[in-house]
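Please treat every number below as a calculation from the coordinates, not as lab data. If you're wondering where the values come from, they're calculated on a predicted model, not measured in any experiment. With ideal geometry, Cβ positions are generated from the backbone for all residues, glycine too; neighbour counts draw on all protein chains shown.
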Amino acid sequence: MNASLLPLGELARALERGEARPSAVLEECLARTARLDGRLHAFLRLTDAEARSSAKAADERRARKAPLSPIDGVPIGLKDLFCQEGVETTAGSRILQGYAPPYDATVVRKLREAGAVLVGKLNMDEFAMGSSTENSAYGPTRNPWDLERTPGGSSGGSAAAVAARLVPGTLGTDTGGSIRQPAALTGVVGLKPTYGRVSRYGIVAFASSLDQVGPVAQDVRGAALLLRAIAGHDPNDQTSSLRPVPDYAAALEMPVRGLTLGVPAEYFGDGLDPAVEKSVRSAISALEREGCAVKPISLPNSPHAIAAYYLVATAEASSNLARYDGVRYGYRAPEARSLLDLYEKTRAAGFGAEVKRRILLGTYALSAGYYDAYYLRAQKIRALIRRDFDQAFSAGVDAVASPTSPWPAFRLGEKVDDPLAMYLNDIYTVPANLAGLPGISIPSGFTSSGLPIGFQLIGRPFEEANLLRLARAAERALALPHRLPPLVTS
Amino acid sequence: MSVSDWEPVIGLEVHAQLLTKSKIFCSCSTAFGAPPNTQVCPVCLGLPGALPALNRGAVEMAVKAGKAFGCQIAERSIWARKNYFYPDLPKGYQISQYELPICKGGAVPVPQPDGNVRKVPLTRIHLEEDAGKNVHGPSGSQVDLNRSGVPLIEIVGEPALRSAEEASEYLKALRLALIYLGINDGNLEEGSFRCDANVSVRRKGTAKLGTRVELKNINSFRFVRLAIDHEIERQVAALERGEKVVQETRLFDNEKGETRPMRTKEEANDYRYFPEPDLPPLAVSREWVAKVPVPKLPHEQLAELLAAGVPAADARTITGDPKLVDLYARIAMAAGNDSARRAANVVTGEVARLLNEGALDLGAPKFQPAQIAEVFRLQDAGTLSSTAAKEVLGELLRTGKPPARIVEEKGLAQVSDESALEAIVDAVIARSPAEVERYKAGKKNLLGFFVGQAMKDLKGKGNPGVLNALFKKRLEPT
């Protein structure tokens, strides 16, 4: 058996039953990565030496039947914005080239404590700004289903690595759809938890009030196991919630009869690819057959989400990225003549075009005289979007169903020169970030040309267990044929 | 036209470092003077991914100040980011408070020379983090981030002050109050108490405020007066020449004693304040506020000392330093009823003298206040003369040796026992027949001669009161 091809949820069972050994799984993963990643470019760097020694320790625990957690010994990849002590962490930016943090992010510590085997750091759009991984300073990641296409972004490396079976699970971050959109475009499961469910400590910040860490896996059970490992309160992140973390995997197989799906008209409008719409509607029908009630709803303020998002996110980013000034760490422009010159040269050479565009947008939105018209108004829209969801939930809706992305994977270079077209990638995912709600993307099918399509469920705050149960029901009901990306079988 | 035709309007902004042991958003030490960049962590270095975690101790100190000055304390206040670039600011923004500060309103009581207390109104008090420090040397500029993240309160006064002298009085009263509250060490030189002044002038009798200039870099009380006076004169001179005052920030040059422009309004930073997304709103419940203890303020302490009978001059000296107040109170307590005046006397006398000489450290005293009370009792019992008592006190304060041992070692006990003194009295009378005759004939001031003779025999250790009485008894038959 090729255990490393198993979805994370099944691999965990195989490890538990002693049918797979962590070191063997890791070696398969590393071998496949060596074979494929030159073409895919999901990983920016591997931490294979450290991974081999933690896999060996996991072998020993598994042999003693004393695993630290269900994911003990599972190889995991990390988006390159999770601080890992002593391991270069660039956030996809030239400005952090060579920077090795002196500490572990809380989720990295939690993964270690759960026995996960940390395999390496994954490519991403610079500072998580982008929807195609083309904004990485280190070159784009490709989609394993079609190497001429993007895997989406910003967690493109995290999604592509799982889709290509380089690792069974990865962590990404989702600020406006950065986990769910690439998961949809690569045919895997990606979950953005409720804001505050997972600690942000040690994660290079893009937009603090929107950023949230989440898992990527081939199956819903794998996402549930990973979420269980990383969720929970962290005294180092005061925006993290004190609510206890349930055993997400435990209730996965429970029936969904009686749960209600809301289908918002605003999420099926102009610009939605007909193949995507068809696939998403078939997924909704599958859940209906499982006993869910389906009702049309309206989220009237969601169409304003992109506009509000690009003010709030860029405003916070303009402040979060001020620390990259060449003074303490990372890239420093040589031969600066003065302090101002140092700042200007360092930031001009260190940041890419999209990051600069967003810093300028955000700086503008916060400037004296413009704050009320832009930042403050965007925050009001944000409150209205949240209120729309609250009203749907209090009218009995358990989850909102929609497409994840308006279209399947697009070609590299297709949208890179048109920022507004690129921003529309996130049209269905951004509202959940603005409202702080959990959202999940799961595969719903393929286009006629064999590109994956994802559909999204958005749930009540901190009801990830419900969301995962619905997602698992859809996964079960759709029973998509087992298909490997052409890259993997090549 | 002259300065006297113009009215200065002054408001002060004070940054006071709070005396918490650890920084406001991480657990690094706040101790001053450590080698550069040794009291730092990912949070106060502003490393990628680090997040602030609030130290409630700093909040408690801000609440203490707010209660002491009668501010409204917000049950919910908001952290804000103040954005600007500078090498000593590792995140590129300072976490502060902007629209909803923790304290609003209130007033600082400023004792006046006539004994009244003037209340100088406050706009607000808010919490924030300190920046690091740029260190400029021959090999270039370096940054020390030990201070980065030390908690500060900024105390913003209303423009209610009308002269440099008033500003200086206000500042002194505020500094002392913060020291009393135990939340700031009042050290201007080390920069733990820093002051910026907003100064404008207007023609006397007009209500409209003039254009204001912000003065920075004022680090002593003398410079406060110098800088403000210089600025008032500069503004009046400009206005009288028909020029306008430019809204700007000026730096006080303490070597030249003048202010010079730092940046104009156009060059001023746009700080792009916005709510800090990494911290939830600061919640301070009524119940919690009620539990925060507020010690007496200097003016209340002064009133208390005066009421206890301490002379005004002594009372002012003592209340000028909370350590002296504390010592005074402990001595008075140990010595019991009616000892206020005497306790004050020791504090402003022997204690102050030894402090001046550097022979005493009230931070780590060697003596116990009860031992001082013991000296009082020895004096009351006649064992010590007032001179000897002073000597014992001095030695006690320096060494903490038990008073009885000092008396013994120094041979300071005076002889008050009548039976011991009678033999001496007899001997003096026996060897001074002529003086005895003259005394009995009415030359009563010879009593001093007899006591003097006896003291000589006793090597000065006789109790003069007892000797007086004994001689009188022997020479004036009843």
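Things worth noting here:
- For the range A:3-118, the pair-distance distribution built from all alpha carbon pairs, in bins 5 Å wide starting at 0, is 2, 12, 21, 22, 19, 14, 7, 2, 1, 0 percent.
- For chain B, relative contact order (Cα pairs under 8 Å, six or more residues apart, normalised by length) works out to 14 percent.
- Close Lys pairs in the range B:418-475 (alpha-carbon distance under 17 Å; sequence gap of 8 or more, or different chains): 6.
- Considering only the range A:3-259, percent of DSSP beta bridges that pair antiparallel, nearest 5: 65
- Cβ-based charge dipole, the protein assembly as shown, positive-most Cα from A:Ala114, A:Gly450, B:Pro403: B:Pro403
- With the Kirkwood sum run over all distinct C-alpha pairs, the range A:3-259 has a hydrodynamic radius of 17.6 Å.
- Relative contact order %, the range B:1-72, counting alpha carbon pairs below 8 Å whose residues are six or more apart: 27
- Rounded to 5, the percent of DSSP beta bridges in chain A classed as antiparallel: 65
- Values of log10 I(q)/I(0), in the order q = 0.08, 0.10 Å⁻¹, for chain A under a Debye, Cα-only, solvent-free model: -0.42, -0.67
- The calculated P(r) of the range B:418-475, using every Cα pair and 10 Å bins from 0, goes 25, 62, 13 in percent.
- Pairs of Cα atoms farther than 15 Å apart, the range A:121-187, %: 36
- Once both labels are positioned 7 Å from their Cα atoms along Cα-to-Cβ, the gap between B:Asp338 and B:Asn37 label points is 6.7 nm.
- Virtual spin-label span in nm between B:Ala364 and A:Glu288, 7 Å along Cα→Cβ: 8.2
- Summing Cβ point charges (Lys, Arg +1; Asp, Glu -1) relative to the Cα centre of the range A:159-250 gives a dipole of roughly 140 debye.
- Assigned charges on the beta-carbon of Lys, Arg, Asp, Glu; chain A dipole about Cα centre (debye): 540
- Mean residue ellipticity, 222 nm, helices only, the protein assembly as shown: the sum of -39500 (n - 2.57) across DSSP H runs of n ≥ 4, divided by residue count and rounded to 500, is -11500 deg cm²/dmol.
- The protein assembly as shown: translational diffusion in µm²/s, Stokes-Einstein, Kirkwood Rh over Cα pairs, 20 °C, 1.002 mPa s: 65
- Backbone N under 13 Å from the A:Ala14 label point (7 Å along Cα→Cβ), restricted to the range A:44-83: A:74-75
- Rounded to two decimals, the Cα radius of gyration of the range B:298-410 over 2.2 N^0.38 Å is 1.01.
- Kirkwood hydrodynamic radius (C-alpha pairs) into Stokes-Einstein, the range B:345-478, 20 °C and 1.002 mPa s, D in µm²/s: 129
- Qualifying trypsin sites (Lys or Arg not before Pro) in the range B:98-172, DSSP loop, other Cβ atoms within 10 Å at most 16: B:Arg162
- Lone cysteines, the protein assembly as shown (no partner Cβ under 4.7 Å): A:Cys29, A:Cys83, A:Cys292, B:Cys26, B:Cys28, B:Cys41, B:Cys44, B:Cys195
- Charge dipole magnitude, Cβ of K and R +1, D and E -1 - the protein assembly as shown, Cα centre, debye nearest 20: 940
- Share, in percent, of DSSP beta bridges within chain B that are antiparallel, nearest 5: 90
- Among B:Asn337, B:Val351, B:Tyr439 the positive-end extreme of the charge dipole of chain B (Cβ point charges): B:Tyr439
- Over 32 Å between alpha carbons, listed pairs B:Lys119/B:Lys204; A:Lys56/A:Lys121; B:Lys172/B:Lys265; A:Lys356/B:Lys82; B:Lys21/B:Lys390; A:Lys380/B:Lys82: B:Lys21/B:Lys390
- With at most 11 neighbouring Cβ atoms within 10 Å, loop trypsin sites (Lys or Arg not before Pro) (DSSP) excluded, longest segment of chain A: A:66-256
- Residues in the range B:432-441 carry Karplus couplings, in order, of 10, x, 4, 5, 4, 4, 4, 4, 5, 7 Hz; the curve used is 6.51 cos²θ - 1.76 cosθ + 1.60 with θ = phi - 60°, and Gly or Pro positions show x.
- Legend: mean number of C-beta atoms from other chains within 10 angstrom of residue C-beta atoms, peptide A:313-324, equals 5.
- Filtered GluC sites (Glu not before Pro), the range B:200-268: DSSP coil and at most 14 other beta carbons within 10 Å: B:Glu243, B:Glu255, B:Glu266, B:Glu267
- Distance distribution P(r), the range A:61-167, all Cα-Cα pairs, bin width 10 angstrom from 0: 16, 40, 31, 11, 2 percent.
- Range of Cα positions in chain B per principal axis (Å), largest first: 99, 59, 53
- Among A:Gly157, A:Leu227, A:Tyr138 - extreme Cα towards positive end, dipole of the protein assembly as shown, charges at beta-carbon: A:Leu227
- Projected over all directions and averaged, the alpha-carbon convex hull of the range B:1-122 occupies 12.1 nm².
- Averaged over peptide B:90-96, the number of partner chain Cβ atoms lying within 10 Å of each residue's Cβ comes to 4.
- Considering the range A:280-370, its Cα convex hull presents a mean projected area of 10.3 nm².
- A simple rule links phi to the HN-Hα coupling: the Karplus curve 6.51 cos²θ - 1.76 cosθ + 1.60 with θ = phi - 60°, which for the range B:330-344 gives 6, 5, 4, 5, 5, 8, x, 3, 6, 9, 4, 4, 5, 4, 4 Hz, with x for Gly and Pro.
- Length gained on full extension, B:Arg438 to B:Tyr84, computed as 0.36 nm times the residue gap minus the Cα-Cα distance: 118.0 nm.
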